[in-house]
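Read the structure below first, then the notes.
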Amino acid sequence: MILPPLWNKSNRSVSGETGLFRGNAPVKLLFPAEKIVRVYNPSLDNVYLENIHYTHQPGSDLIFPVDGSGICGIGENDIFPSPETAKIYPADNANAVTGGPDGKLLLFDNGSFFARHQIQVDYIAVAGTQFPDLPPMAANQLPRTNAILAGKKPLTITLIGDSISEGFNATGFVNSPPAQPQYINLFADELAQRSGSKITIHNAAINGTGCRDAFDIRDRWLDDPCDLLVIAYGMNDFAALSADEFGSWIKKIMELKKSRHPDTEFILVAGMTRNPLWHGSHDEQSRLFAETIKRFSSPECAVADVHAVWKMLLDKKDFYDLTGNGVNHPNDYGHRVYSTVLSGLFDRK
């Protein structure tokens, strides 16, 4: 699946940016909008109309819901489920997790709840908008991978990581419209279109795992050769490992793969942060992990710094605009962020 870019500097268009109305509070856009092109929810197959379902002042970065219009969203306090009615994770059909502020529960869903309640917005940003740059890899990085792509030869990518990389909560993974694939598939499709190469993906990521678990599933990523090994751990390691310990385990994974297949090149993914309202947010730990990963940058190893882009998004938007499960998974837009950062490594300026 080939999707429009998140933002297009040439025509100032922004595509599919997500937001969650909470009561009558507005959704904040990443950039002030000259014109709203479309507000919609593809999971519900709904398109919403200006001044009927929402309002927007040209030049503003805020969209307001019209009270009683039926536009998707949640109540002001719905992010804190009632203990009397909540089903707490890991119960089947859980709608809450413990660990919210002041002992409250936090809204949670491992299916399509957030996709069905968030809006998507296409808009034209105001003139003079400074769109963020996604830095490409250094000129000397991943020479073998780039040579394969330049020659339009087949490229094999293996991914190891946790639930985010397995695909949670992309709508394609949870079998909900609009069935957008997870980030690694979006990345592979984009790379194939750019290069003309056939890209084969082996997704060996497993829900709930951390970097140490990679050695328990080595049959999924070690035995078979691949041109590029993408390593995307961290979310389940924040509470268990120091940044130095995390780096040591990542190094061991890379060394083991190189000992078996010396031609392998690597991309390390520094991932998103958790819900800042959650007691296990580990915001500082996620920053330290990202800094640790960046120290591995070398000719044979590039770093996809999703963490930096995610933090930039959160400077302007609410976590609930971007989440797929309420605590530590991206929504479809978040998977596009991952894919865009990975693809951005291969941009040639």
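See the values below:
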read-out: Counted residues, segment 177-208 - those being closer than 23 Å to Val306 by Cα and open to solvent by 20 Å² or more (accessible area, probe 1.4 Å); value: 17
read-out: Set Thr200, Thr209: member being over 24 Å from Pro143 (Cα atoms) and not in a helix (DSSP H, G or I); value: Thr209
read-out: Residue within segment 311-323 that is farther than 25 Å from Pro135 by Cα and modelled with pLDDT of 95 or more present; value: yes
read-out: Segment 89-107, residues that are farther than 30 Å from Ile36 by Cα and buried (at least 18 other Cβ atoms within 10 Å of the Cβ); value: Tyr89, Asn95, Ala96, Val97, Gly100, Leu105, Leu106
read-out: Among the residues listed as Glu284, Glu245, the single one being modelled with pLDDT of 95 or more, acidic (Asp, Glu) and over 21 Å from Ile201 (Cβ atoms); value: Glu245
read-out: Filter pass, Leu6 being open to solvent by less than 40 Å² (accessible area, probe 1.4 Å) and over 22 Å from Gly73 (Cβ atoms); value: yes
read-out: Count of residues meeting criterion [open to solvent by 20 Å² or more (accessible area, probe 1.4 Å) and under 21 Å from Ala96 (Cβ atoms)] in segment 305-327; value: 1
read-out: Restricting segment 250-264 to residues that are of a type outside the set (Lys, Arg) and farther than 22 Å from Ala308 by Cβ, the residue that is nearest to the chain's Cα centre (by Cα); value: Ile253
read-out: Single residue of Ala115, Ala86 found to be surrounded by fewer than 20 Cβ atoms within 10 Å (Cβ to Cβ) and either of a type outside the set (Ser, Thr, Tyr) or within 26 Å of the chain's Cα centre (by Cα) (or both); value: Ala86
read-out: Test: Pro262 is open to solvent by 20 Å² or more (accessible area, probe 1.4 Å) and not β-branched (Val, Ile, Thr); value: yes
read-out: Pairs where the first residue, in segment 151-175, is under 24 Å from Gly324 (Cβ atoms) and part of a loop (DSSP other than H, G, I, E, B) and the second is at pLDDT 95 or above and of a type in the set (D, E, K, R), C-beta under 7 Å, 6+ apart; value: Ala170/Asp332; Thr171/Asp332
read-out: Near pairs, Cβ below 8 angstrom, 6+ apart or cross-chain, from segment 269-291 (without any contact (Cβ under 8 Å) to a residue 40 or more places away in the chain) to any residue that is of a type in the set (Ser, Thr, Tyr); value: Ser281/Thr273; Asp283/Thr273
read-out: Residue satisfying condition, being within 23 Å of the chain's Cα centre (by Cα), surrounded by fewer than 21 Cβ atoms within 10 Å (Cβ to Cβ) and polar (S, T, N, Q), within set Thr129, Thr156; value: Thr156
read-out: Odd one out for Val230, checked against (1) on the phi > 0 side of the Ramachandran plot; (2) in a strand (DSSP E or B); value: (1)
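The values are calculated or read from the model by the stated rules, or taken from the named source; none is laboratory data. None of these values were measured; they are calculated from a predicted model. No Cβ is skipped: glycine too gets one built from the backbone with ideal geometry, and neighbour counts run over all protein chains shown. All accessible areas refer to the heavy atoms of the entire protein, side chains included, with ligands and DNA or RNA removed. Shrake-Rupley method; radii C 1.70, N 1.55, O 1.52, S 1.80 Å.
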